[in-house]
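The values are calculated or read from the model by the stated rules, or taken from the named source; none is laboratory data. The model shown is predicted, which means the values in this text are computed figures rather than measured ones. Positions of Cβ are generated from backbone atoms using ideal geometry, with glycine treated the same way; all protein chains shown enter the neighbour counts. The protein model used for the area step is the full one, side chains on, heavy atoms only, and it has no ligands, DNA or RNA in it. Shrake-Rupley method; radii C 1.70, N 1.55, O 1.52, S 1.80 Å.
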Amino acid sequence: MNQIISQFQLFFAQQVNQLIYTIINFKPLKGLISEEWYARSDIKKTLGILCLIWNGLKDILWKSLYFLLAVFVPCAILQSNIGWSDHTMASMMVWIFLILNCFMGSFTNSHIITNGDEQDYLLLNLMRIDAKSYYLTGILWEYGKAAVCWMIAFFLILNHAFPGHMGIFVWVILCYICCRPIGEAVSMLLCEHYDKIPYQDKGKEVQGSYYLYNFLMVVVAYGLYPVLYLVQGQKMVWNPLFDAGGFSMGLQGILLVILLIAAVVSVRYLRAYPKYLQVARMLCSYQRVMEHQKEVDNVQSLDGQLKDTLDEDVVTERIFQDKSGYEYLHAIFFERHKKIVARPSRIKAWIVEGLFGVTAVAVIVSRFMASAAQFQEMSDGVWSTVNMLLAILVFIMYCSSSGEKLTQAMFFHCDASLLKYGYYRTPEAIISSFRIRLRYMIRTECPFIAVFCAGVFINLMLLGRFRNILQIIAILFCIVMLSVFFSVLFLCMYYIFQPFTEAGNTTSVGYKICTIGIYLVAYSCLQIHTPPTYFAAIILGVTVVTLVAALLLVWKLAPKTFRLK
C-alpha cells in the first residue's frame, strides 16, 4: 500500500505542478495568478482531486472511443453488408474484444517489461522502493483500474445499444482480468530468455514474431467470425462461446476456468519471481532512462554524425546553386535527411504504381477473355464500388500522409538546435522557413499525387467509363486536394503550436486536440455516402476554408508561438 501511495504522491505532484505552470502562463490569466500557488497545499490538493477525476474520466472516454472505433463501428459495417441480427452483432463484438484485448494486448503490452520512465527511475533508484512490491502493486492498480473503466464504458454503450446482453460482456471482462497476469508472466519469461525487452528489441527474431503475431490476431479478430458465419450460417459449433444472450456454463465456463487456472499459475510465478531487482536495474537504470534524451541530443545537432552520402562537388552543382540564406540552409537539411523526408513519398508512389499496374493488366486481360456483356457488367460493378469507396478516400489519404512525421523530423533534426539562437526566432526567419518548407512538402507529394491520379484515370478509362468523365475528374480533384491538405495542415499545426520538447515529448494540448479531431473527421467520412460530384464540392469547401484559416493563423501566431519548449 505504501508503494501505491508513493506512486500517487509523485504522479500527482508532477501533474499538479504542470497544471499550475500551464495556468500561470496562460495568456488571458498571465499576471493575475502568482507563483505562490506552488506553495499553497490547499490549492494543490484541490487541483490534485480535479486531476484524479479528470484521469478517471479520460480513461473511460478513451476506452469508450476505442470500443466504438475498433469494435462497434466495424461490426455495424459488417451488419449492414451481411444483414445479421443484433444478437449476432453483439456476439461478433465479444469475439473482437476477446481477441484484440485479451489474446493480443495481454501478450504484447506488458506493464512490467517496458522501458522505464523518469517516475520509475525516481521511485526505484532514488527513493529505494522495493522492486517486487513496486511492480506487483503497479500491475494490480493498472489492471484493476482498466477493468473498472471497461465495465463503465460497456455499461454506457452496450446497455443502451444491446439491453439485456451485459452478462456476456461481464464474462469478457473476467477473461480480460485473467489474461493480463498471463501476459505479464509470458513477458517475464521472454525477457529472461532473450535478456532484452520483448517486442522492443530490434532483433529480427523477436521483432518479426511480434509483427507476425499482431497481424494474425487482427486477421482472426476481424475476418474469421464473418467468414465462418457466411460458410456455416447460424450453425457454428463454437458460436455458443460468444452467445450474447447471456452467460452459460458451457463453453464460456470452460474457457473461463482454463484462463483462471492459467492466471493463478501466472500470479504464483510473478510472486515467486526472484529477479525483480535485476529487471529494475535493466529497465530503469539511469543510462536507459536518459538514452532517449541522448538520442534526441545527437539528432538535434546539425554537426552530428549523420549517415549521409553528400558529395560536396556534385551536391553544390546539383541543388545548392543559386541558393543563399534560409534557402541554402533548408537545401542542406532536405538533402541530408532525404531518407526521412523524401523517401516516404517515393515508397507510396511505388506501391500505388505497382497496385494500379497489376490492376491495369487484369483489366486488359479481362477485356480479351470475357464477353462484351460480362466486361460491361464488371465495369459497372467496379464503378459502383468506386462511388461507394470515394468517401473512404479521405481516410486513405489521411493514413498515407507523412506530414506529421515530416514535422517531427524538422524539429528534431533542425529546429531544436536553431531555435536556441535569436536570429532564427525572428518573425522574418520563421515565416521565411515556413514558406520554404511549404513549397518543399507540396513538391514532395507531387510524385505520389501524379501516380495515384494517373492510375485511377487509366484504369477507369480501360474500363470504358468515358461517359463518367465529370465524376472521374471530381475523384482526381479529391485526391489532389486531400493529399495537399493533410501535408500542409500538419505543417501549419506545427508552426502554430510547436508541440515538441527537447526531451521528445508532445506537450501542446491544442496540438493533441487538433490531431485527434483530424483523425475522427477522417474516420467519420467512412460513413458518408454521397455522389462523387457532391462529395468533391464538400471536399473543396472544407479543405480551402481550413487551409486559408490555417495559413492566416500561421502568419499571425507563429512568430509568437514557434519557440523551444
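Return a yes/no flag: does region 221-234 have any residue that is in a helix (DSSP H, G or I), at pLDDT below 80, within 25 Å of the chain's Cα centre (by Cα) and over 30 Å from SER133 (Cβ atoms). Yes: one or more hits. Quick check, is ILE430 at pLDDT 85 or above, over 19 Å from TYR398 (Cβ atoms), part of a helix (DSSP H, G or I) and among the β-branched types (Val, Ile, Thr)? Spelling it out, ILE430 is indeed at pLDDT 85 or above, over 19 Å from TYR398 (Cβ atoms), part of a helix (DSSP H, G or I) and among the β-branched types (Val, Ile, Thr). One residue alone among ALA537, ALA549 is open to solvent by 20 Å² or more (accessible area, probe 1.4 Å), over 26 Å from SER417 (Cβ atoms) and modelled with pLDDT of 85 or more, and that residue is ALA549. What tally of residues in region 83-102 results from selecting those that are under 13 Å from VAL218 (Cβ atoms) and surrounded by fewer than 19 Cβ atoms within 10 Å (Cβ to Cβ)? Within region 83-102, residues that are under 13 Å from VAL218 (Cβ atoms) and surrounded by fewer than 19 Cβ atoms within 10 Å (Cβ to Cβ) number 0.
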